[in-house]
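Report on one structure; see the data block that follows.
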Amino acid sequence: MIRNQWYVILESKEVDRKPRKFRRMGESLVLWRDQEGKVACLVDRCCHRGVALSAGKIVQGKVQCPFHGLEYDGSGACTCIPANSRIAAVPDNCRVPAYPVHEEHGWIWIWWGDAGTGRSPDTQPGDEVSTLAHNAGITQPESTPLYFPDIDGHFSMATVKDPWNTHYSRVLENQLDVVHLPFVHHNTIGRGNRTVVDGPGVEWIDGRMLYTYVFNRVDDGTPPRTPREVPVPPPDSDFKIELIMPNLWENRISGKLRIVAAFVPVDEEHTVLYLRTYQRILQVPVFRSLFNRMMCRSNLFIAHQDRRVVQTQVPRRSALRGGEQLIQGDLPIIEYRRKRDELLDAAAGERR
């Protein structure tokens, strides 16, 4: 996972006023809503004796450890040690790592910043709780997360989620892969045997959003056009695939229909894929609900066609220089890997 990035990790409806445990980013996290409804996210381990805070309860908007009653606010600071009395001062080092949270569009993001787990640059994954008392120096977000700007309140939406047994980068790349369509999806979205890939066209927007334009066609014996030979953007179509780093994707099918995906890292070998339908084709509630449910089923069926293949890829995590023999049609994947390496290098430089 890339440090110092906003990651979608959950849908808003998955967090309420009870402590909820989730495995995300290779760590056990506890999330809850305080008295104002604001979401908090901490590492799920009490700094006192290592008990899971998610096994406790919420007391006046704070999470209470079930073992000895220590209470923590959304910043990770311990505000009460009952054994010392409620009026006693709490030592400053009695705290657990907290991650900044942003909630919008029905999603919950966390800022995956350096030192958020109390981890030093030399600490290995899995050792994140070895220095839980330290939470100083966390890299703070400079801005709020980016989202797809043309999705507004006129769209209705419905979401389905699906577990995948592979690294999130592989799941994400699959949605940038314009070459696999006639083979993996020969009886669904890849019908028509359009095996030749002209281009594809790619375009970076502000260095944060990648647009991919698809020009697949039936093989007529002529060679594919190069990426420089295809129009970017196409003058006769608004269809495109959009990627927001590090883990959001949109299939802009039309002005009235979109599919959005969040590729949520669980750990190095597991991902939760959230697939959300946005539509404004049908507005009558009963028909709108039926259409959205049907779209969710369709999206899941198509995703499972992909999952069967993608889960066999090795290594689990993709890499720009991973020994694969990439071809012209893989340009969107190459662009993603380049940007991923750039962000990884930047995060590593910030930690030095």
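The values are calculated or read from the model by the stated rules, or taken from the named source; none is laboratory data. Treat the numbers as computed from the prediction; the structure is a model and nothing was measured. As a convention, Cβ positions derive from the backbone with ideal geometry for all residues, glycine included, and neighbour counts pool all protein chains shown.
Quick rundown of the values:
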| item | result |
| --- | --- |
| Count - residues of the range 55-98 that are of a type in the set (D, E, K, R) and within 17 Å of LYS18 (Cα to Cα) | 4 |
| Some residue of the range 3-10 being of a type in the set (Ser, Thr, Tyr) and without any contact (Cβ under 8 Å) to a residue 60 or more places away in the chain | no |
| Conditions (1) closer than 30 Å to HIS270 by Cα; (2) in a strand (DSSP E or B); (3) in contact with a Cys (Cβ under 9 Å, 6 or more places away or on another chain); number of the one not met by CYS78 | (1) |
| Residue count for the range 291-336, restricted to those that are out of contact with any Lys or Arg (no Cβ under 7 Å at 6 or more places or on another chain) and closer than 30 Å to MET157 by Cα | 24 |
| Number of positions in the range 25-56 that are of a type in the set (A, V, I, L, M) and over 27 Å from ALA83 (Cβ atoms) | 2 |
| Selection status of ASN193, farther than 17 Å from GLY329 by Cα and either touching a residue at least 24 places away in the same chain (Cβ under 8 Å) or not in a strand (DSSP E or B) (or both) | no |
| Sole residue being in contact with a helix residue (DSSP H, G or I) (Cβ under 9 Å, 6 or more places away or on another chain), loosely packed, with under 12 Cβ neighbours inside 10 Å, touching a residue at least 40 places away in the same chain (Cβ under 8 Å) and assigned by TED's automatic domain parsing to the domain that holds ASP306, chosen from THR188, THR212, THR226 | THR226 |
| Subset of the range 304-352 [among the basic types (Lys, Arg) and under 19 Å from GLU242 (Cα atoms)] | ARG337, ARG338, LYS339, ARG340 |
| Filter result (out of contact with any helix residue (DSSP H, G or I) (no Cβ under 9 Å at 6 or more places or on another chain), under 14 Å from ASP34 (Cα atoms) and surrounded by 15 or more Cβ atoms within 10 Å (Cβ to Cβ)) within the range 58-93 | ILE58, GLY61, LYS62, ASP73, GLY74, GLY76 |
| Test set (1) more than 20 Å from GLY106 (Cβ to Cβ); (2) of a type in the set (D, E, K, R); (3) not in a helix (DSSP H, G or I) - ARG276 fails condition number | (1) |
| Matching residues, the range 196-206, being on the phi > 0 side of the Ramachandran plot and either of a type in the set (S, T, N, Q) or assigned to a strand (DSSP E or B) (or both) | GLY199 |
| Long-range neighbours under 7 Å by Cβ, at least six apart or interchain, first residue assigned by TED's automatic domain parsing to the domain that holds ASP306 and small (Gly, Ala, Ser) within the range 164-183, second surrounded by fewer than 22 Cβ atoms within 10 Å (Cβ to Cβ) and assigned to a loop (DSSP other than H, G, I, E, B) | SER169/ARG317; SER169/SER318 |
| Selected residue (criterion: surrounded by the most Cβ atoms within 10 Å (Cβ to Cβ)) from residues of the range 142-184 that are more than 18 Å from LYS13 (Cβ to Cβ) and among the acidic types (Asp, Glu) | GLU173 |
| Residue tally, condition in a loop (DSSP other than H, G, I, E, B) and either at pLDDT 95 or above or within 15 Å of ALA261 (Cα to Cα) (or both), over the range 207-232 | 12 |
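Per-residue answers, yes or no, for (1) outside the structural domain of GLU173 (by TED's automatic domain parsing); (2) under 22 Å from the mean Cα position of the chain (by Cα); (3) under 17 Å from MET1 (Cβ atoms):
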residue	(1), (2), (3)
PHE239	no, no, no
ASN251	no, yes, no
VAL286	no, no, no
LEU290	no, no, no
ARG307	no, yes, no
SER318	no, yes, yes
GLY323	no, no, no
